[in-house]
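First the structure, in the form of structure tokens, and then the observations on it.
Read the figures in this text as sums done on the coordinates, not as results from a lab. This one's a predicted model, so the numbers in the text were calculated from it and none came from an experiment. Note: ideal-geometry Cβ built from the backbone for every residue, glycine included; neighbour counts use all protein chains shown.
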Amino acid sequence: MLRTRIRRVPRRRALPAALLSLAVLALAITAATGGVAAQDAGEASTGEPTDAVATASVTRRTMSAEEELDGLLGHAGEHTVRNLLETSTMSEDAAAQSLAAATAAYNAALRSLSALEDPDAQAVESARAQLAQARASLLAARESAKGPSEAEIATARAALEQARVAAGAARRAASGPTPAELATAQANLEQARASLATAQAAANGPTPAELAAAQATLEQARASLVSAQAAAGTAGVDAARLRYEQATAALAAARQALATCQAGGGSCTAESAAVAAAEAEQLGAQAAYERAGADRQVALAQVTAAQAAVGTAQAALDALTSPASLADRRARVLSAEAAVRTAEAAFEALTSADALAERRARLAAAEAAVQTAQAEYDRLRRDDGRALRIAQVASARAAVDAAAAALADLVDPDDATTAGARESLASARAQLDAATGQLLRGTLTAIAEEGAIVERGGRLYELAGTTPVVLLYGSRPAWRTLEAGVAAGPDVRQLEENLVELGFGEGLVVDEEFDAATTAAVEAWQASAGMRADGVVDLGEVVFLPDAIRVASQALAPGDTVTAGAVVLEATDDDQVVTVDLAADERDLVSVGDEVEVELPSGEVASGSIVEIGSVAREGEDADIPGSSSTPTVEVTVRLDPDSDTGGLDGAPVTVRVTTLSRPDVLAVPVAALVALLEGGYAVEVVDDAGTRLVPVEVGLFADGWVEVRSDGLEEGMEVRVAS
């Protein structure tokens with residue numbers, strides 16, 4: 001069975017690396033909005049209205065981490081069915097040919113006599129059709145006897161001209177490649193060598209200048225991030241808000257002073273001016289407060305852009321130094337070397353002695369074709385075939401006479417013709433009987449088809465059209481002929497158990513004795529199965545296997561000679577399984593009995609469980625490739641559930657999903673609820689009647705957009721803010 005290597009997927013532990021990049025993006029956005037959350041909380045504490053925020057509840061759930069492995073869909077078990085029937089050592093070819101000839105002669109004689117004694121309408125119509133066809137052939141022969149037509153001569157002339165053109169092209173090619181062809185081939189070779197030199201230079205890895213440039217870009221991106229984070233602080237907004245609050249208080253005081261003055265009946269000019277000045281100051285402070293908020297939003301966007309730039313620069317640096325980048329450069333070297341070899345071969349093909357010899361051979365063939373076309377053209381013009389065409393007319397006339405006579409025999413046969421047909425049939429019958437006696441048992445006349453499911457009592461194959469070999473269930477292979485008087489044994493019990501299951505157990509006691517009841521049951525079963533009902537199970541007439549089988553391949557085909565001990569077919573169990581080559585150092589991830597999901601090529605998902613884990617590690621598929629690394633693996637077998645529908649697939653690659661870690665009944669929040677703290681670590685923003693507050697948390701498993709969190713300040717049912 002073919003094997004596939006595991007697709008390496010990182011293990012998912014407390015903080016799975018497979019999800020870390022997605023989580024970091026969500027956390028970065030949430031961190032950038034953390035100040036705004038604090039600002040909203042401050043506004044809520046002052047009684048000013050706040051915007052509605054998206055929230056989610058802290059819930060308890062089971063968090064699971066999965067491993068995805070590459071597997072191969074196939075069938076369990078391997079069974080080889082060999083022929084145990086004794087076959088003759090005589091040559092079978094002569095007997096088979098004699099039987100075929102005798103059978104054909106007998107059938108022909110039988111058809112001839114039947115047609116004479118009782119001709120049916122279809123036979124008469126067939127004879128009439130043959131007579132009409134013979135007459136048409138006679139007319140065509142007479143027409144052909146007139147000689148070649150102008151069209152035939154024109155076609156021959158055109159073929160001659162075409163052969164001459166091809167010969168001219170071959171003569172030009174035989175003189176060798178043109179300067180343009182040589183220049184093109186030389187240019188292609190030089191270009192391939194230049195590409196190889198470039199690839200070889202790059203295969204040594206990135207240059208110090210490339211590394212320095214990538215490092216400088218990364219440092220610059222990090223500096224920009226620090227600068228953007230500093231600009232995104234809340235100091236400016238806080239100062240603008242303080243100014244606005246102070247201006248509001250001053251305006252209230254000025255208005256109070258004006259009201260007091262007006263109540264006293266004074267002119268209140270100074271107080272009115274103070275109110276106007278306070279109103280102007282409040283408007284200016286309000287505008288500054290709004291500008292500070294807008295500026296901070298811009299700064300937050302710059303923080304996000306700077307973080308993305310850091311990620312891009314880090315990825316560029318990693319790409320220069322990663323093993324995958326080095327492998328890609330080496331692959332380009334191999335490709336360039338192949339291109340050089342191809343270009344050298346093309347140049348060699350133009351200039352080598354073998355190429356010149358091939359051109360000359362094509363020239364000789366073209367000149368021979370010209371001679372052949374010339375001869376055909378000359379023959380048609382001379383009309384050398386006239387005598388042959390006259391003979392064809394005579395043959396066609398004789399065929400017409402024979403067809404007419406055959407029709408007359410069908411419509412009104414005479415006694416002599418009928419008597420001759422009977423004598424021919426008797427002679428053919430005798431020859432067929434003699435040939436049948438020579439037929440060897442070793443001719444395979446039928447075999448179960450590949451992919452077929454053979455169950456108890458089903459036919460595996462058949463010899464000589466008379467001896468079927470049948471499948472029965474049992475753990476012991478057949479090793480002797482079973483018949484009345486044979487020594488008692490477990491193989492007899494095995495046979496009797498099958499007879500009962502097949503419905504032939506009436507009056508039969510299942511034991512180890514082959515008695516009269518056993519003989520009667522065997523005879524009834526043999527008659528029902530189309531076997532020779534003699535009550536004897538010859539060695540080789542049945543094959544015992546543990547259960548139903550699926551035919552994987554046919555070692556022989558109908559008509560082949562089957563010798564004793566020859567392999568007839570290969571089979572597997574009917575059950576479908578998936579095999580996985582698991583890295584030996586990851587063997588602790590799975591256990592026998594673990595339930596898994598198997599994704600089929602169609603996208604459908606089937607269920608199964610692990611039934612076997614290999615204990616012997618073996619080298620991977622790349623172990624024999626120089627310079628390659630290979631991880632030792634163990635074989636894991638997954639049995640699909642009985643109701644799984646694989647669509648009849650076999651040998652198809654599939655994906656096996658295994659749960660490697662499960663944390664039941666833990667607190668969890670959406671990943672988008674996490675806030676990355678500048679000083680390190682994470683928090684969630686709890687929303688309640690008092691406002692919002694940050695609660696530090698420890699994170700665990702990530703799965704399906706949720707993350708496990710641990711904190712003394714969190715309880716199930718709390719609402720946390722979720723970044724939109």
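Here the extension length gained between Val298 and Glu599 equals 103.8 nm, from 0.36 nm per residue of separation less the Cα-Cα distance. Rounded to 0.05, the FRET efficiency of the Val411 and Ser335 pair, given R0 = 60 Å and the Cβ-Cβ distance, is 0.15.
Find out how many positive minus negative residues lie around Val654, taking Lys and Arg as positive, Asp and Glu as negative, among other residues whose Cβ is under 9 Å from that of Val654. Result for the neighbourhood of Val654: -2. Label positions at Arg172 and Glu348, each projected 7 Å from the Cα along the C-beta direction, are separated by 2.9 nm.
Please work out the C-alpha center-to-center distance from region 693-722 to region 201-264 and express it in whole Å. Measuring centre to centre over Cα atoms gives 29 Å. Volume per residue of the convex hull around the Cα atoms, evaluated for region 594-724, comes out as 235 Å³.
Measuring spread by the Cα atoms of region 317-376 yields a radius of gyration and Dmax of 23.4, 76 Å. The slack in the chain from Thr184 to Thr260, taken as 0.36 nm per residue of separation less the alpha-carbon distance, amounts to 17.0 nm.
In the frame of its principal axes, region 159-216 has Cα extents of 75, 21, 14 Å, reported largest first. Region 158-175 and region 318-343 have Cα centres separated by 46 Å. Note on the chain: Cα-only Rg and Dmax are 47.0, 160 Å.
With a cut-off of at most 15 other beta carbons within 10 Å, and DSSP calling the residue loop, which trypsin sites (Lys or Arg not before Pro) in region 125-214 qualify? Please list them. When the trypsin sites (Lys or Arg not before Pro) of region 125-214 are filtered for loop state and at most 15 Cβ neighbours within 10 Å, Lys146 remain. Placing dummy labels 7 Å off each Cα toward the beta-carbon, the span from Glu161 to Ala100 is 4.9 nm. Here the ratio of the Cα radius of gyration of region 662-724 to 2.2 N^0.38 Å is 1.06. For region 321-426, pairs of C-alpha atoms spaced more than 18 angstrom apart make up 79 percent of the total. Starting from the Cα of Ala364, move 7 Å in the Cα-to-Cβ direction to define the label point; list residues of region 154-180 whose amide nitrogen is under 17 Å from there. Within reach of a label on Ala364: 167, 170-176. Charge dipole (Cα centre; +1 on Lys/Arg Cβ, -1 on Asp/Glu Cβ; no other charges) of the chain amounts to roughly 3900 debye.
Only one residue of Ala287, Ala249, Ala174 has its Cα farthest out toward the positive end of the dipole of region 141-291, where Lys and Arg carry +1 and Asp and Glu -1 on Cβ, and that residue is Ala174.
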